[in-house]
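Visitor: Have a look at the structure that comes next, please.
Values quoted throughout were computed directly from the atomic coordinates according to the rules given, and no laboratory measurement underlies them. Small disclaimer: the values here were computed from a predicted structure and weren't measured. Here Cβ is always computed from backbone atoms with ideal geometry, including for glycine, and neighbour counts include all displayed protein chains.
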Amino acid sequence: MNAPFVYYSLALDLGGFEVTSNEWSSFMNIAYRYVEALSNRNSATFFPFIDWWSHQASTADLLRPVQFPDVLPSNANMSSHPSVLHIEGDFTSMHHGLPPSETKYDIVVTLFFIDTARNLMSYFETIRKSLKDGGTWINLGPLLYGSAPFLQLSLDEIIDVCEGLGFEFLDTDPKCGELTLNGKKARGTTVPYGLSERSLSKNAYKAQFWVARKTKNGV
Ligand SMILES: C[S@@+](CC[C@H](N)C(=O)[O-])C[C@H]1O[C@@H](n2cnc3c(N)ncnc32)[C@H](O)[C@@H]1O
């Protein structure tokens with residue numbers, strides 16, 4: 001499932017979370033719609049390595065099937081209430097026209113996402129606007145900037161800018177990685193991305209993890 005980030009609203013009466021996810025790419029959304037329509041776990045099979053000739057240890061690895069979905073979006077929190085609302089479209093404008101009461105969340109999770117921004121500032125502002133006061137932003141991902149955005153901030157600049165916007169970076173568990181910079185609270189953790197664990201090559205990011213709280217300070 002390829003949703004770049006998810007919003008969580010605590011729904012204590014449901015004993016879980018109400019989740020809103022978002023994805024802009026039509027290709028990803030077609031795949032999401034397909035997965036969403038599946039009603040049984042591990043009911044579909046595909047062969048992700050079949051055309052990937054490099055770095056194979058054996059033909060069996062090349063032909064290895066993978067079953068999905070591992071989790072059904074429609075009942076991810078084991079409740080009969082649909083737990084995931086998926087919104088197709090651009091992150092920065094997905095809530096345009098809706099009243100703030102419907103677009104404020106307890107938690108925003110950005111997963112391998114912030115470096116896709118054309119304009120990083122608009123992502124940070126959208127995350128901030130989407131959170132209730134005291135709400136939490138959790139990030140995990142690299143600073144790849146693969147789509148050549150206007151602004152390509154380094155980690156220390158991101159932290160400084162976000163503190164200026166009113167985010168307080170919180171202490172996190174050392175098991176989430178080592179602190180990347182002295183005096184800053186982001187942690188680096190090695191995350192393999194898009195590869196078979198049996199491949200003869202490895203591609204991994206030192207993805208940055210942080211947890212930040214929205215304060216009333218800032219712009
Ligand atoms: C690197 S992928 C990460 C996807 C997923 N979270 C994961 O970890 O596998 C980034 C995703 O963000 C999506 N994306 C890029 N810009 C976006 C935008 N403005 N609004 C919503 N989604 C966007 C891309 O289409 C892509 O699917």
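Visitor: How big is the Rg/Rh ratio for the stretch 68-189, C-alpha atoms only, Rh by Kirkwood, two decimals?
Guide: Dividing the radius of gyration by the Kirkwood radius yields 0.98.
Visitor: To test your reading of the geometry: what angle, between 0 and 90 degrees and rounded to tens, separates the Cα axis of helix 120-130 from the longest principal axis of the chain?
Guide: Once rounded, the angle reads 80 degrees.
Visitor: Using only the alpha-carbon atoms, how far is helix 26-37 inclined from the longest principal axis of the chain? Give it as 0 to 90 degrees, nearest 10.
Guide: Once rounded, one gets 70 degrees.
Visitor: Shifting gears a bit: Could I get the Rg over Rh figure for the chain? Both from C-alpha atoms, Rh via Kirkwood, rounded to two places.
Guide: Result for the chain is an Rg/Rh of 0.98.
Visitor: Straight-line reach from K184: which lysines have Cα under 23 Å away, leaving out those fewer than 8 places along the same chain?
Guide: K184 reaches K175, K206, K214, K216.
Visitor: Can I ask one more? Search the structure for amide H atoms under 5 Å from the amide H of G89, placed 1.01 Å from N in the peptide plane, and list their residues when 5 or more places away or on another chain.
Guide: Those qualifying (amide H under 5 Å, at least 5 residues apart or on another chain) are E23, W24.
Visitor: Here is a further query. Can you give the charge dipole size of the stretch 5-214 about its Cα centre, rounded to the nearest 20 debye, using +1 on the beta carbon of Lys and Arg and -1 on the beta carbon of Asp and Glu?
Guide: Rounded to the nearest 20 debye, it is 280 debye.
Visitor: Working out 0.36 nm times the residue gap between S154 and C176, then minus their Cα-Cα distance, what length gain in nm do you get to one decimal?
Guide: The S154-C176 span can extend by a further 5.9 nm.
Visitor: So what is the 222 nm mean residue ellipticity for the chain from helices alone, if each DSSP H run of at least 4 adds -39500 (n - 2.57) and you divide by all residues, rounding to the nearest 500 deg cm²/dmol?
Guide: -5000 deg cm²/dmol
Visitor: Run through the DSSP bridge list for the chain and note the antiparallel percent, rounded to the nearest 5.
Guide: Rounded to the nearest five, the antiparallel share is 75 percent.
Visitor: If you place +1 on the Cβ of every Lys and Arg and -1 on the Cβ of every Asp and Glu, how big does the dipole about the Cα centre of the stretch 125-197 come out, in debye to the nearest 20?
Guide: 160
Visitor: Using θ = phi - 60° and the Karplus form 6.51 cos²θ - 1.76 cosθ + 1.60, what ³J(HN,Hα) does each residue of the stretch 196-210 get, whole Hz, x for Gly and Pro?
Guide: Running phi through 6.51 cos²θ - 1.76 cosθ + 1.60 with θ = phi - 60° gives 7, 5, 9, 5, 8, 10, 10, 10, 9, 9, 8, 5, 9, 10, 8 Hz.
Visitor: Sticking with this one: Between helix 155-165 and the chain, what is the angle of the helix's C-alpha long axis to the longest principal axis, kept within 0 to 90° and rounded to the nearest 10?
Guide: Its long axis makes an angle of about 40 degrees.
Visitor: Once you list every other residue whose beta carbon is under 9 Å from the beta carbon of W210, what net charge do they have if Lys and Arg are +1 and Asp and Glu are -1?
Guide: Residues close to W210 contribute a combined charge of +3.
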